[in-house]
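**Student:** Sharing a structure, written as structure tokens. Questions coming.
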């Protein structure tokens with residue numbers, strides 16, 4: 001895809017972004033932190049699509065419902081317990097303009113429960129900056145920038161035993177099969193919190209943690 005990428009985002013044109021976030025009842029504290037990180041962006045978003053998983057369906061169906069409401073040119077996914085660094089949206093929009101990408105996938109820095117950086121906790125360091133290949137696909141987190149018309153071609157599956165890997169991995173496979181151009185970059189543009197209340201998008205874990 002990537003049709004007219006330079007025209008759509010080059011020169012500051014059509015850089016409007018909606019932040020898509022699924023959340024759970026009982027997580028207002030982390031959700032507020034996530035929203036603050038969006039409001040302090042060097043290039044702030046145009047809108048938010050926040051969807052509450054009140055029925056404990058899991059992050060997949062909840063994220064899909066939020067995605068269907070997006071009307072801006074770009075969608076930026078962010079989980080409610082993570083944070084964007086101030087450069088995140090500007091950097092990803094710039095890469096999209098330079099490359100004509102439909103998806104720009106950055107990397108992360110993990111923070112432990114005490115807020116300290118834990119680079120040694122990266123579950124797949126070998127994938128940082130690795131370009132996506134449909135013939136040999138790999139996992140990378142959902143915290144990416146996606147052209148909305150492309151993002152809405154797919155949907156996030158309900159979780160089963162495979163957890164978040166099944167959610168994110170399956171979604172990127174759908175977009176890649178539809179012809180999306182995915183560009184992976186090494187830049188660490190967001191904070192991935194590991195805090196002991198991570199649900200990995202699983203409805204059963206959410207039910208146990210947030211009654």
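Every read-out reported here was derived from the displayed coordinates using simple, explicitly stated rules and does not represent laboratory data. Predicted model, so just to flag it, every value in this text is computed and none were measured. Heads up, the Cβs are rebuilt from the backbone with ideal geometry, glycines too, and the neighbour counts pull from every protein chain shown.
**Student:** Sort 111-117, 138-144, 31-37 for me by packing, meaning the mean count of neighbouring Cβ atoms within 10 Å per residue, highest on top.
**Tutor:** Top of the packing list down: 138-144, 31-37, 111-117.
**Student:** Mind ordering 90-102, 175-187, 120-132 by average Cβ neighbours within 10 Å, highest first?
**Tutor:** Descending mean neighbour count gives 90-102, 175-187, 120-132.
**Student:** While we're on this one: Run the numbers for residue 99 and residue 135: contour at 0.36 nm per residue of separation, minus the present Cα-Cα distance, in nm.
**Tutor:** Length gained, residue 99 through residue 135: 10.8 nm.
**Student:** Just rank 73, 109, 189, fewest to most, by other beta-carbon atoms within 10 angstrom.
**Tutor:** By the 10 Å Cβ count, ascending, the order reads 109, 73, 189.
**Student:** What FRET efficiency would be calculated for the residue pair residue 40, residue 178, taking the C-beta separation as r and a Förster radius of 41 Å, to the nearest 0.05?
**Tutor:** FRET efficiency, residue 40 to residue 178: 0.75.
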